[in-house]
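Written below as structure tokens is the structure these notes are about.
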Amino acid sequence: QDQCVDYGICTALAHHLDDTQLSRLMSELARVIRGKLIFLDPTRQETSLVSRVLWRFDRGSFARSADELLAALAQRFEIEQVEQYHIYHHYLLCVAHPKPSRRAE
């Protein structure tokens with residue numbers, strides 16, 4: 001149902017999806033969320049040995065840069081807050097809400 005979810009959380013999923021699947025995910029999230037989306041995914045920045053090793057074993061084949069993920073989000077969401085941090089990988093964390101024109105799709 002359209003706008004049936006107050007808050008959506010998308011955690012560590014985008015790097016498992018090709019560009020078409022990612023676009024479909026963003027469309028569906030924008031359709032069902034009436035409030036906010038919390039989005040978290042590792043980004044493609046192989047700056048440490050640990051990160052490179054972890055990416056080698058990760059089943060996600062579509063690691064993207066923070067800019068690429070933000071561009072995908074910005075097509076259907078108004079981005080309210082962006083944070084980036086590093087543990088073993090670099091991560092992108094954002095809070096966003098669907099653009100009004102996209103809610104009706």
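The values are calculated or read from the model by the stated rules, or taken from the named source; none is laboratory data. As the structure is a prediction and not an experimental result, all values here were calculated from the model. Virtual Cβ from ideal backbone geometry, glycine too; neighbours counted across all protein chains shown. Protein only, heavy atoms only, side chains kept; ligands, DNA and RNA dropped before computing areas. Shrake-Rupley method; radii C 1.70, N 1.55, O 1.52, S 1.80 Å.
Points to keep in mind about this one:
- For region 97-104, the count of residues that are surrounded by 14 or more Cβ atoms within 10 Å (Cβ to Cβ), under 16 Å from residue 10 (Cα atoms) and at pLDDT 90 or above is at least one.
- In region 6-25, the qualifying residues are those that are of a type outside the set (A, V, I, L, M) and touching a strand residue (DSSP E or B) at 6+ places or on another chain (Cβ under 9 Å), and the one that is most open to solvent (accessible area, probe 1.4 Å) is 7.
- Number of positions in region 53-104 that are among the polar types (S, T, N, Q) and closer than 17 Å to residue 28 by Cβ: 2
- Single residue of region 39-76 satisfying the filter (in a loop (DSSP other than H, G, I, E, B) and of a type in the set (S, T, N, Q)) that is modelled with the lowest pLDDT: 47
- Pair list, Cβ under 6 Å, 6 or more apart: region 26-55 residue open to solvent by 40 Å² or more (accessible area, probe 1.4 Å), other residue among the small types (Gly, Ala, Ser): 44/63; 44/65
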